[in-house]
1. Per-residue counts of other Cβ atoms within 10 Å, averaged by peptide: what ranking do you get for 211-219, 122-130, 843-851, highest first?
2. With no solvent and one equal point scatterer per Cα, compute the Debye intensity ratio I(q)/I(0) for region 222-378 at 0.12, 0.20 Å⁻¹ and report its log10, rounded to two decimals.
3. Provide, as a two-decimal number, the C-alpha radius of gyration of region 36-98 over 2.2 N^0.38 Å, N being how many residues it has.
4. If you take the C-alpha gyration tensor of region 15-182, multiply each eigenvalue by 5 and take the square root, what semi-axes do you get, largest first, in whole Å?
5. Please report how far the C-alpha centroid of region 805-872 lies from that of region 414-440, rounded to the nearest whole angstrom.
6. Find how much the distance from residue 479 to residue 626 grows on full extension, using 0.36 nm per residue of separation minus their present alpha carbon separation; answer in nm with one decimal.
7. Using the alpha carbon gyration tensor of region 485-626, what are the three equivalent-ellipsoid semi-axes (square root of 5 times each eigenvalue), largest first, in whole Å?
8. Percentage of Cα-Cα pair distances in region 629-687 greater than 19 Å, rounded to whole percent?
């Protein structure tokens, strides 16, 4: 392939252009035109794959000439006691298109500020539409601020003079020298605390859905952190000097520069695409960037995932080297202290000042199994704080020894099982193994999912990060503080025979993603091979394989099916077969939901999982040969309701009179507690004919709050559409709906609702004034219901607009054909549920129950419907007509919301 011949350096302004720019007769428009012309030349070079390092430095030099010309125009060149100094990224001579240009106007201590000229200079830069940040300070003022502010000292240590007397910055440099303030260790501690706080803002993971390529862990700021500490502690202005001082190897330096160059190219492209400074890799930008970087086949989702996998690999490299170098700095400070404390563990390892260390540099060459042994020791000892830098480097340098023979060595397989069974910090150990590259080498199938993104709003982490979060969640179930948040999980995990089998299933549950095909089936193959290689017995192997195959079964059943139906419980129990599998699957499912997207775990999902678990447990105790029938379940629920009503001194005879007029399906599918709540509300409401609305919190205080809304009102065909529209207008999301009728044409509707995604940080049931307003609004509207001419027109969030795909609508068979079930998968849009409710009314369909599941950017809803007269929907032609018409309505609606 022929590559273009690059110039030695990117273009700067010619002498004639410099003269023109410095002239006060040159308009700001002409100035901008010349600057835009040069910027276009830089972007052309970028698209021709010109070295990004030269572009970043070259653009900084170009803007140096712009600043100098503007300085001359303002007449500041004649002033001897003022200098223009570049600080921040511009001070490092690193500039991307549309980046901030940070300037310090530095004054001599005893000088008078040249206010008019400085204001003219800054105003002209603003006229050029440049994003300039500036400060005007004397040398002493800068030193005073730097002494107390880590941000100021950081900016100043990488400053450079653009115009004016170099003596001013030289004086400042003396005042802020390490001998005067912020010695190397103090500076390091402050920057480390700053980095830890910054990482915490991004959940301490580089693998977010829309990462910030500058601020996230492993981002450009982490590389700058290394640079800042090196400048302050080692007194060097070159990152390559870390090689000479044996802080970095040649290979590590090359790896670091390559990762930074990749992020620089992404940042350059991102700033150019957006037309302003932007460091967030938002979804819409990811799509454009994927094409920009050559991922341009027909599979848009796969293009984005491949582009982002490259990004994640780069940030992982920076994060790994950041950890290594910070550990080096830590040890270099400690070496000045008293004699180190050393505890010899064996002939291979020792603990030095709380850090694990190899006894000699040849340990991993001579005993490759020591790489896993090291992590076994970490898991056995809670007092070990970390791994020393020399040991981390030695392990990295010997990873090639982890090959097929290594993986099949019984010594190594036993060590890995010991790691999985670690008493202390097992997930911290696994993360360290992943971070340094050992986990991906030992389990190549895991290595394949590192950085594997899933381009949707449901999975907020890469597959590997999600997997380790899941294992961490499983570990947390064992902690005392989890008993209040996850009571059943905390109990169940203490009853399973071998918790490490659960961890292995967690490691493999998503291992097949990114390969195409059913990831659960692909994962089964890998899981079985792991079990056989590691000597697990037949029962353990079968259990792990079953868990991987069925890891989605419980969440799908709870969220999409009618788990109040005894037949659904029996069908689920028939697959699970025994209590052991139920416990393992329940734990895996709860951990999985919380690791996929923590905001998905709320009181509603918790109640669904609890109900499915407990009902299945009862079914298994009863025996699969003796399934509970609907009449028995109805009687049990009524009996429980009566017990509650008696405790509350309710009129039992009047309560039973109310029940006689309600259809039997209500008692089958409502718990005794819910029946008692509804009945008591109706008793207290009579003889009023106004609509009755009651609202009650669902779940405990440890879950984000869903609430139950009970409505008792005269029936009307458009009631669901109107109610759904009202909830939408109030910013509420419907999670579940049950519609039941009485013989005197009243309806008993129960909705489970919670605040919509944009208000997810609030709990509805904690806002009493909002609840009262809801009740008032619902009663007023339902008292004289009228169908809205159009569905809700609420703002569609940016991230939802990015994802739009055709809907799917189809009927599904039920274990017991009481109602016809139609499943709808569609892009999530405000007003969608109201639209579907309106569709049912217009097509003479009666809605009895709705299961609503929002999974990131899409909804997967199931509606249980009949013909208007209560008959099942039969006939393929009728079903096809309903599906086609509903799909058409939803797709048209989704397209309209993109506008």
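1. Per-residue Cβ counts within 10 Å, averaged per peptide and sorted highest first, yield 211-219, 843-851, 122-130.
2. For region 222-378 at q = 0.12, 0.20 Å⁻¹, log10 I(q)/I(0) is -0.73, -1.23.
3. 1.30
4. Over the Cα atoms of region 15-182, the semi-axes work out to 28, 21, 12 Å.
5. Using only Cα atoms, the two centres lie 45 Å from each other.
6. 49.2 nm
7. 24, 18, 15
8. Every Cα pair in region 629-687 considered, those over 19 Å come to 19 percent.
Any read-out appearing in this document is the output of simple, stated calculations on the displayed coordinates, not a laboratory observation. Everything numeric here is computed off the predicted structure, so don't read it as measured data. Note: ideal-geometry Cβ built from the backbone for every residue, glycine included; neighbour counts use all protein chains shown.
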